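Undergrad: Before we start, here is the structure in question, set down as structure tokens.
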2 protein chains.
Amino acid sequence: MTDTDTLTGDPVVLGVVGGGQLGRMLAEAASPLGVEVLVLDPTPDCPAAAVARDQIVADFDDRDGVLELAERADVVTVEIELADPDLLAEVRAETDTPVHPDPESIRTTRDKLVEASSLADAGVPVPAFRSVDDESDLRDAVDDLGAPLMLKARRGGYDGRGNEVIESVAEAESAFGDLSGLVAEELIDFERELSVMGVRGADGIDAYPVVENVHEAEILRETIAPARAGDEVRERAAAVAREVLGALDGRGVFGIELFETGDGDVLVNEIAPRPHNSGHYTIEAAPTSQFEQHARATLGLPLGATALRGDAAMVNILGDVAEAGPVELAGVHDALARPGVHLHWYGKREARPLRKMGHLTATTADGVADPLAAARDARDDLTFE
Amino acid sequence: MTDTDTLTGDPVVLGVVGGGQLGRMLAEAASPLGVEVLVLDPTPDCPAAAVARDQIVADFDDRDGVLELAERADVVTVEIELADPDLLAEVRAETDTPVHPDPESIRTTRDKLVEASSLADAGVPVPAFRSVDDESDLRDAVDDLGAPLMLKARRGGYDGRGNEVIESVAEAESAFGDLSGLVAEELIDFERELSVMGVRGADGIDAYPVVENVHEAEILRETIAPARAGDEVRERAAAVAREVLGALDGRGVFGIELFETGDGDVLVNEIAPRPHNSGHYTIEAAPTSQFEQHARATLGLPLGATALRGDAAMVNILGDVAEAGPVELAGVHDALARPGVHLHWYGKREARPLRKMGHLTATTADGVADPLAAARDARDDLTFE
């Protein structure tokens, strides 16, 4: 029924490359629309499997697996950057199953150099950057952008893995070994980290309010919605987010991470072509969650309302363990007894240091006076044994 | 982990007898708590199957099926009245798996005579009633309660099936044939039909606000939350609902249907030992939906907050077809394009006249000025082809 407006007894199937927590929350949110989710993930019993119609157990770039996904689905989408845009384009051509967002958007956003270049070409403000493929490039980058600078692996990094602040060539070699396939960026002394969940639908674009994020060790810890920035900064951030949406192809939710600089400028840091950790607050605090919105957008349904029900805060539950091992989270009763605190537990089988295991949300829409304090207090109730 | 406060990599499993729309919405709501739902239902690919971990295809009273359900689940609950309390009690004894609500509550509420008697015995106000097992009983009932009166099958009725307003013995015989196994009730000339979603948890009881329901042909069409009754009536209804909860056993959500009489009295009409159609509005309009609440209660977790986020209205999407057949619902785009209107489509494979196929909710919490008008307008967008 994609792009049509008829629901039948034959369910609409959304095929998703990846079956982690984003796939799980997508399946939870798609179900009320009558949409079943089919996930492809190499880990048997991945987090999304519990609420998906079915899981295809295969690597993200497994041709047969992705082909089966496209054959069984009405539309294919992704919940991880590791999806292979070439394979998606090939399978789309072979099966005629639409892929959203467009594989070109996945190709652009999975390579930080291509991403920065295409945004800069479109006139979107980004930190100054240079391609680095050897020591000479890095020396030029230091000359040009100053030191310290941010050095990033162009591909395969997420949650801060592959991003390092370096002062010198020696530090870069120690962090990355080989100095090829990197991008150097000016180090932004930001006032705040912001983000916007944008969406491209069949009939236009829209965006949720600008929110504020707190990272530690480059992993998201907390989101505060709306951002505690001034009106002008928030307006600028919203405008930049719309420019980004204009520079991308295909339909779906995009997580757009931004820097607010000390002098009130807004620069784009990174884009995720999918729902994003900093948009989880929308499940409770917006009429349409980012997950329902992604389902609506990718399936060609009208977009849902994005104005917040209230102020909100989201706090991640990260694996607080010394090494990988069985999960045991204590204090659940205390956390759930806090009025208006919402737990989202992803059902991962194994805890790892700083692994995203779940999150907590609170919003003034539920009568919580201080959502950030409530979510933090609930987080403090929880301990990994 | 039931009744404990530790989440592990081994998921908590809630076993549910029945896999219709209530089971589906229960699975959607349980997942964020890290809870997987396993359903037992005789219809392959029942509505809940798409989001449940698994479905046991078996009749509701199939001993082997219910035994398997209890063996695989941490706690067993029900989403239909057709569950067999004897079998549930037997399987509980055999497996040591808790069953909530208590099978005794299911035994009480599935028989309208036993239900009315036990409520009356507990001092809960109910319409005057008499047991009817033959023509002589019915004549006595007419003498005692007046005519017309409400005649109900003691067992097996739902959505108005098995309830008839009758004027005479002849009408009763034409409606029911055999006059045994019935209960006669005084016909209440009610001002409004009200309901309360009550909940019994491990540590106490709670209730959502009193709501107002509109039935036609004894099938729920609309719910308005909160009820448009006076403060005194709403307080009385809330007090009666708490009396009902006190008269029942075991944990879980109970749908308590009430009459507001012309002179402001409140009488209990019927009780459902499970989440209820008139509580669907809580998905969007309360911090904790009735489905999350049922999962929390049955699993021994702390109860969630019940104060509304805003006023709300729910309108059912009933099968508007001349006879059973394939489903084809047109107008979905128009309905979804209405800001703040939430669609819940149950994914049933077949449409039947007046079958519950889905519902629509709107709430002022999402900025909708008139939730009832918005939900009705969306309903009017939809047509069965």
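Undergrad: Within region A:103-114, is even one residue surrounded by fewer than 24 Cβ atoms within 10 Å (Cβ to Cβ), more than 20 Å from the chain's Cα centre (by Cα) and over 30 Å from B:Val39 (Cβ atoms)?
TA: The answer is no, given that none of the residues of region A:103-114 is surrounded by fewer than 24 Cβ atoms within 10 Å (Cβ to Cβ), more than 20 Å from the chain's Cα centre (by Cα) and over 30 Å from B:Val39 (Cβ atoms).
So that you can scan it fast, the table gives a plain yes or no per residue for (1) β-branched (Val, Ile, Thr); (2) within 30 Å of A:Leu308 (Cβ to Cβ); (3) touching a Phe, Trp or Tyr at 6+ places or on another chain (Cβ under 7 Å); (4) exposed (fewer than 15 other Cβ atoms within 10 Å of the Cβ):
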position: A:Pro148; (1), (2), (3), (4): no, no, no, no
position: A:Lys152; (1), (2), (3), (4): no, no, no, no
position: A:Val165; (1), (2), (3), (4): yes, no, no, yes
position: A:Gly177; (1), (2), (3), (4): no, no, no, yes
position: A:Val183; (1), (2), (3), (4): yes, no, yes, no
position: A:Leu187; (1), (2), (3), (4): no, no, no, no
position: A:Glu191; (1), (2), (3), (4): no, yes, no, no
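Undergrad: Across region B:234-273, what is the number of residues that are under 14 Å from B:Ala116 (Cβ atoms), in contact with a His (Cβ under 9 Å, 6 or more places away or on another chain) and surrounded by fewer than 24 Cβ atoms within 10 Å (Cβ to Cβ)?
TA: 1
Undergrad: Going through region B:5-33 one residue at a time, which ones are at the interface with another protein chain (Cβ under 7 Å from one of its Cβ atoms), buried (at least 24 other Cβ atoms within 10 Å of the Cβ) and among the small types (Gly, Ala, Ser)?
TA: B:Ala27, B:Ser31
Undergrad: Right, B:Ala48: within 14 Å of chain A (Cβ to nearest Cβ) and under 23 Å from the mean Cα position of the chain (by Cα) or not?
TA: Here the answer is yes, as B:Ala48 does meet what is asked.
Undergrad: Of all helices (runs of 4 or more DSSP H) completely enclosed by region A:59-116, which ones contain at least 3 residues that are farther than 24 Å from A:Gly204 by Cα and acidic (Asp, Glu)?
TA: Result: A:63-72, A:85-95.
Condition check ((1) among the charged types (D, E, K, R); (2) not assigned by TED's automatic domain parsing to the domain that holds A:Ala375) across all residues:
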residue	(1), (2)
A:Asp133	yes, yes
A:Ser136	no, yes
A:Asp143	yes, yes
A:Gly162	no, yes
A:Leu182	no, yes
A:Gly201	no, no
A:Ala207	no, no
A:His215	no, no
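Undergrad: Right, here's the next one. So, in region B:32-58, exactly how many residues are at negative phi and outside any strand (DSSP E or B)?
TA: Result for region B:32-58: 14.
Undergrad: So, one more: Modelled with pLDDT of 95 or more, crowded, with 24+ Cβ neighbours inside 10 Å and in contact with a Leu (Cβ under 8 Å, 6 or more places away or on another chain): does that describe A:Ser289?
TA: It is false that A:Ser289 is modelled with pLDDT of 95 or more, crowded, with 24+ Cβ neighbours inside 10 Å and in contact with a Leu (Cβ under 8 Å, 6 or more places away or on another chain).
Undergrad: Based on what the data block shows, is B:Asp41 more than 9 Å from every other protein chain (Cβ to nearest Cβ), charged (D, E, K, R) and within 30 Å of B:Arg355 (Cα to Cα)?
TA: Yes; evaluated as a whole, the condition is true for this residue.
Undergrad: Ok, one more. Would you check which residues across region B:363-373 are buried (at least 24 other Cβ atoms within 10 Å of the Cβ) and not in a loop (DSSP other than H, G, I, E, B) and list them?
TA: Selection gives B:Thr363, B:Asp366, B:Pro371.
Undergrad: Go through A:Gly358, A:Gly347 for me and flag whichever is within 8 Å of chain B (Cβ to nearest Cβ), in contact (Cβ under 8 Å) with a residue 40 or more places away in the chain, under 23 Å from B:Ala295 (Cβ atoms) and part of a loop (DSSP other than H, G, I, E, B).
TA: Step by step, each of A:Gly358, A:Gly347 is checked, and only A:Gly347 is within 8 Å of chain B (Cβ to nearest Cβ), in contact (Cβ under 8 Å) with a residue 40 or more places away in the chain, under 23 Å from B:Ala295 (Cβ atoms) and part of a loop (DSSP other than H, G, I, E, B).
Undergrad: Would you pick out the residues in region B:204-220 that are buried (at least 16 other Cβ atoms within 10 Å of the Cβ) and out of contact with any Lys or Arg (no Cβ under 9 Å at 6 or more places or on another chain)?
TA: If the condition is that a residue be buried (at least 16 other Cβ atoms within 10 Å of the Cβ) and out of contact with any Lys or Arg (no Cβ under 9 Å at 6 or more places or on another chain), then B:Tyr208, B:Val211 are the ones that fit.
Undergrad: Please determine whether any residue of region B:301-321 is assigned by TED's automatic domain parsing to the domain that holds B:Gly204, of a type in the set (Ser, Thr, Tyr) and either over 30 Å from B:Asp5 (Cβ atoms) or touching a Cys at 6+ places or on another chain (Cβ under 7 Å) (or both).
TA: Within region B:301-321 (the criterion being assigned by TED's automatic domain parsing to the domain that holds B:Gly204, of a type in the set (Ser, Thr, Tyr) and either over 30 Å from B:Asp5 (Cβ atoms) or touching a Cys at 6+ places or on another chain (Cβ under 7 Å) (or both)), the answer is no, since none of the residues qualifies.
Rundown of residues vs (1) out of contact with any Lys or Arg (no Cβ under 8 Å at 6 or more places or on another chain); (2) hydrophobic (A, V, I, L, M, F, W, C); (3) surrounded by fewer than 19 Cβ atoms within 10 Å (Cβ to Cβ), yes/no style:
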| site | (1), (2), (3) |
| --- | --- |
| A:Gln293 | yes, no, no |
| A:Met314 | yes, yes, no |
| A:Val321 | no, yes, no |
| A:Asp334 | yes, no, yes |
| A:Pro339 | yes, no, yes |
| A:Lys348 | no, no, no |
| A:Ala351 | yes, yes, no |
| A:Thr361 | yes, no, no |
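Undergrad: Restricting attention to region B:308-344, report how many residues are without any contact (Cβ under 8 Å) to a residue 40 or more places away in the chain and within 22 Å of the chain's Cα centre (by Cα).
TA: 1
Undergrad: So, in region B:21-69, exactly how many residues are over 21 Å from B:Asp102 (Cα atoms) and not acidic (Asp, Glu)?
TA: 23
Undergrad: Also: Taking only region B:5-24 into account, find how many residues are part of a loop (DSSP other than H, G, I, E, B), in contact with a Leu (Cβ under 8 Å, 6 or more places away or on another chain) and at pLDDT 90 or above.
TA: The total comes to 2.
Undergrad: If you check A:Gly123, A:Gly156, A:Gly160, which single one turns out to be at pLDDT 95 or above, at positive phi and not acidic (Asp, Glu)?
TA: It is A:Gly123.
Undergrad: OK, next. Please verify whether region A:97-115 includes one or more residues that are basic (Lys, Arg) and within 30 Å of B:His342 (Cβ to Cβ).
TA: There is no residue in region A:97-115 that is basic (Lys, Arg) and within 30 Å of B:His342 (Cβ to Cβ).
The values are calculated or read from the model by the stated rules, or taken from the named source; none is laboratory data. Predicted model, so just to flag it, every value in this text is computed and none were measured. Neighbour counts are summed over all protein chains in view; Cβ atoms, including those assigned to glycine, are modelled from backbone coordinates with ideal geometry.
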